[in-house]
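All remarks here apply to the structure that follows.
Quick note: the coordinates plus some simple rules give every number you see, no bench work behind them. Please read all numbers here as calculations on a predicted model, not as lab measurements. Counting neighbours? That spans all protein chains shown, and the Cβs are built from the backbone with ideal geometry, glycine included.
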Ligand SMILES: [Fe+2]
């Protein structure tokens, strides 16, 4: 399988129909923040087909263990879970050696953030951030506690379902993506105004991690599998020209 | 040829939310000790080649209020016009310049600030040279999918006038939203780049 690092082919156009539109008034913060003009379509150049590279030197031993990476010897409280999966592109090619960042609320649904006002308690041993690089098969994994649901100021009584925020780089700035992961079986997913900014039902399913009993860490943590797909690259005559050089 | 089957669909975007700093700029958000330095916080080393510049600005919402909870990322070529990452085949970029920067907007004022270098020129696919530019990506609460734009430099008028991307923006007023000018009253090398999400001066955002 072709290694996607160093690939110079242009990207498939982004399928905007599966993404949320900018203006989604049921998620009120978008009303003043959604651009109103149409996006200007750009045939990508090197500026979009290249992207930052991050090496293993960046990653510390506990960066992918949110149970232990903040506490000073103590462990975070909550349902212990492992979240893992593959980062692929639209052609199914693994995205190897790419940075994955994640952040979340603690088991009580409380973020460690000065603008956070929810009364649920902070956990002195939980910071809520982590990061890792995918391996040669595009696989990432980290250990954490399952985040709690939390209320947020939007409608009168809106709650976010349990979720983990993800940030992905791929190998090109055009692949840059921030998204959220939800947990299989949670009835609150479909009630959430942020989830419902996505009109495409299958796209919501794709953001829902599956409980994976086979990869449970015995006597330690449940496993959830969450695969992530980044934009892929077209094959064109242009590709042949480049590769023939 | 043009429309092959894609067996997988891209994962849908979701907003970065108000607590994006926990994951993207934890040290700046007072989550210290997990890792030493926020990703993209420092772009320059003493040996970095090129003209030192500062890019600063504010992201404004449709009511004219600054976004105090956004995160801005930039990606740019080095002083010689080479990118420091995969996809660059024309030569080795300056090893002392990562090309990537990330800053949160200030929680009180909304100001963002990057200390970087002025990028060199990068060719477009048809061989024309692009004017010096910086790719910019904006995420925040209320932004459902990251916004892509470009920053050009007001003191590159000749190169800007022939830039293949700027030429795509037909309305000169809109084109002006992509051009950073020397910040009034600031030291030389400080460029101001305000981003407006709505309104008559709405910044041009790209579908890249
Ligand atoms: Fe959240």
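Evaluate region B:59-158: find the radius of gyration of its Cα atoms, find its Kirkwood radius, and give the ratio Rg to Rh.
Details: Rg = 15.3 Å, Rh = 15.0 Å.
Answer for region B:59-158: 1.02.
What whole-number volume per residue, in cubic angstrom, does the convex hull of the C-alpha atoms of region A:141-214 give?
On the way: hull volume 10.0 nm³, N = 74.
Output value, Cα hull per residue: 135 Å³.
Per-residue counts of other Cβ atoms within 10 Å, averaged by peptide: what ranking do you get for A:157-164, B:134-141, highest first? Before the final figure, lay out the partial values.
Values: A:157-164: 19.6, B:134-141: 23.2.
Final packing ranking: B:134-141, A:157-164.
Work out the mean other chain Cβ neighbour count within 10 Å for the residues of B:26-38 and drop it here as an integer.
Partner-chain Cβ atoms within 10 Å, mean over residues of B:26-38: 5.
For residue A:37 and residue A:62, calculate 0.36 nm times their separation in residues minus their Cα-Cα distance, and state this gained length in nm to one decimal.
Numbers: separation 25, 0.36 × 25 = 9.00 nm, distance 4.37 nm.
Using 0.36 nm per residue and subtracting the Cα-Cα distance, I get 4.6 nm.
Would you mind computing Rg(Cα) / (2.2 N^0.38 Å) for region B:20-196, counting N as its residues? Mind dumping the intermediate values first?
Values: Rg = 16.3 Å, N = 177, 2.2 N^0.38 = 15.7 Å.
Against the compact-globule rule of thumb, the ratio is 1.04.
How much of the DSSP bridge set in region A:68-244 is antiparallel, in percent, rounded to the nearest 5?
Numbers: 29 of 38 bridges.
Expressed as a percentage, antiparallel bridges in region A:68-244 total about 75.
For chain A, what does the helix formula give at 222 nm: sum of -39500 (n - 2.57) over DSSP H segments with n ≥ 4, over the residue count, nearest 500 deg cm²/dmol? Please report the intermediate quantities before stating the final value.
On the way: 3 runs with 18 residues, N = 245.
Rounded to the nearest 500, it is -1500 deg cm²/dmol.
Separation of region A:69-99 and region B:51-116 by C-alpha centroid, Å?
Going from one Cα centre to the other spans 26 Å.
Could you please tell me the mean projected area of the C-alpha convex hull for the protein assembly as shown, averaged over all directions and given in square nanometres to one decimal? Write down the numbers at each step before the final one.
Details: hull surface 86.3 nm².
So the mean shadow area of the Cα hull is 21.6 nm².
Quick one: if the Förster radius is 41 Å, what FRET efficiency do residue A:156 and residue B:51 give, using the C-beta to C-beta distance and rounding to 0.05? Show your work: numbers first, answer last.
Numbers: r = 54 Å, r/R0 = 1.31.
For R0 = 41 Å, the calculated efficiency reads 0.15.
Return B:116, B:48 ranked ascending by Cβ neighbour count within 10 Å, so the fewest neighbours appear first. Mind showing how you got there, number by number?
Numbers: B:116 23, B:48 17.
Sorted ascending by nearby Cβ count, the order is B:48, B:116.
Checking the a/c ratio against 1.5 first, then a/b against b/c, what shape does the Cα gyration tensor give for region B:99-148? Walk me through the numbers before you get to the answer.
Working: a/c = 3.94, a/b = 1.77, b/c = 2.22.
Verdict is oblate for region B:99-148.
Enter the mean number of other protein chain beta carbons within 10 Å of the beta carbon of each residue in B:114-126, as an integer. Walk me through the numbers before you get to the answer.
Working: counts 0, 0, 0, 0, 0, 1, 0, 0, 4, 2, 4, 9, 2.
Neighbouring Cβ atoms belonging to other protein chains average 2 per residue here.
Which FRET efficiency value, to the nearest 0.05, do you get for residue B:108 and residue A:216 by plugging their Cβ-Cβ distance into 1/(1 + (r/R0)^6) with R0 = 51 Å?
Efficiency at R0 = 51 Å is approximately 0.65.
Two decimals, Cα atoms only, Kirkwood Rh: what is Rg/Rh over region A:68-244? Walk me through the intermediate numbers first.
Working: Rg = 17.9 Å, Rh = 17.6 Å.
Rounded to two decimals, Rg/Rh equals 1.01.
What is the mean number of Cβ atoms from other protein chains located within 10 Å of the Cβ atom of each residue in peptide A:80-89, rounded to a whole number? Numbers along the way, then the final one.
On the way: counts 0, 0, 0, 0, 0, 0, 0, 1, 4, 3.
Partner-chain Cβ atoms within 10 Å, mean over residues of A:80-89: 1.
Neighbour counts of other C-beta atoms within 10 Å: give me A:188, B:43, A:219 arranged from fewest to most. Don't skip to the end; give the middle numbers.
Working: A:188 15, B:43 20, A:219 5.
Ranking A:188, B:43, A:219 by Cβ neighbours within 10 Å, fewest first, gives A:219, A:188, B:43.
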